[in-house]
Amino acid sequence: MEPATLTISSKNYSSWSLRGWLLCRMAGLDFDEQRLAVDDPEARQELLLLSPSVRVPRLTHRDIDVWGTLAIGEYLNEIAPNAKLLPAEQARRAHCRAISGEMHSGFYNLRSALPMNLKARHTAFKIFSGARPDIERIKTIWADCLDRYGGPYLFGNLTMADAMYAPVCTRFLTYAVPLEGKQAAYRDRILDWPLMHEWLADAQSEPDEMIELEVEF
């Protein structure tokens, strides 16, 4: 497969970068990482040129530019169907798209109250009441998928949905969100994923602070 470039930002703070990176690795794509510090004004201007939304990741491959995690996942599913980023069976594939889309466009209160910070660890954390329904909805999604498809991942084998919910697993660990049974086992399985170990190791070398942006990245 022809080489590509994936533009990302902080590995410690950027949940969207993590999702895009996981999808590219799952697809077996040969890509170079271009890392931009989005708290740097010049880098922010560069991101504006790359993507009007100022969001990362952005994939450049075969003179094709794709931004937005769902769009990247769909593109990778087209060029690397053997990676099975989406399930083969139609109903399961539709369900995978639905919960991936829910993660992509929803859970605003969770994102605000529990931002991704891979270096942080809280033994106890008071969760803003507005974020609790988001947490319960995610727990319901996980329980339904794991019961319906038998695990160990949301749709049996690793799919786009697992990449979409991987940052949530880190948030639940960071902020000591209580989980039990299959949901706890799923969180731990994602965190023990070799690709997650690789990303987490890189995150440890980054600066601990960065200027907050108006958008989640």
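Just so you know, all these numbers are worked out from the coordinates, no wet-lab data involved. Fair warning: this is a prediction, and the values are worked out from it, not measured in the lab. So basically every Cβ, Gly included, is an ideal-geometry build from the backbone, and we count neighbours across all protein chains shown.
Pull out the extension gain between Asp202 and Glu180, defined as 0.36 nm times the separation in residues minus the alpha carbon to alpha carbon distance; nm, one decimal. Display every interim value, and only then the final one.
Details: separation 22, 0.36 × 22 = 7.92 nm, distance 2.91 nm.
In short, 5.0 nm is gained.
Which one of Asn82, Asn12, Asn157 has the biggest mean-square fluctuation once the chain is modelled by GNM with Cα springs under 10 Å?
Of the options given, Asn82 has the highest mean-square fluctuation.
Under a Cβ-only charge scheme (Lys and Arg +1, Asp and Glu -1), can you give me the dipole magnitude of the chain about the Cα centre, in debye to the nearest 20?
For the chain, the charge dipole is close to 880 debye.
Taking H placed 1.01 Å from N in the peptide plane, check which residues at least 5 places from Ser9 or on another chain put their amide H under 5 Å from its amide H.
Ser17, Leu36
Using 1/(1 + (r/R0)^6) with R0 = 30 angstrom and r between the beta carbons of Lys126 and Asp192, what's the FRET efficiency to the nearest 0.05?
0.60
What shape does the stretch 84-143 take by its C-alpha gyration tensor, where a ≥ b ≥ c are the square roots of the eigenvalues and a/c under 1.5 counts as rounded, a/b above b/c as prolate, and the rest as oblate?
Note, shape of the stretch 84-143 comes out prolate.
Please find, in a Gaussian network model of the chain (springs between Cα atoms separated by less than 10 Å), the residue of Ser17, Ser205, Ser112 whose mean-square fluctuation is greatest.
Largest GNM mean-square fluctuation: Ser205.
Once you keep just the Cα pairs under 8 angstrom separated by 6 or more residues, what percentage relative contact order results for the chain? Mind showing how you got there, number by number?
Numbers: 293 pairs, mean separation 55.6, N = 217.
In percent, rounded to a whole number, it is 26.
If we count every other residue with Cβ under 10 angstrom of Glu33's Cβ, Lys/Arg +1 and Asp/Glu -1, where does the sum land? If you can, show how the numbers build up before the last one.
Numbers: positive: Lys11, Arg35; negative: Asp32, Asp202.
Cβ neighbours under 10 Å give a net charge of 0.
Among Tyr108, Tyr75, Tyr186, rank each residue by its count of other Cβ atoms within 10 Å, from fewest to most, as a rough exposure measure.
The fewest-first ordering by Cβ neighbours comes to Tyr108, Tyr75, Tyr186.
Please identify which residues in the stretch 174-195 have an amide N closer than 20 Å to a label point set 7 Å out from the Cα of Asp147, following the Cα→Cβ vector.
178-188
Between Thr140 and Tyr108, take the C-beta separation as r, use R0 = 22 Å, and let me know the FRET efficiency to the nearest 0.05.
0.80
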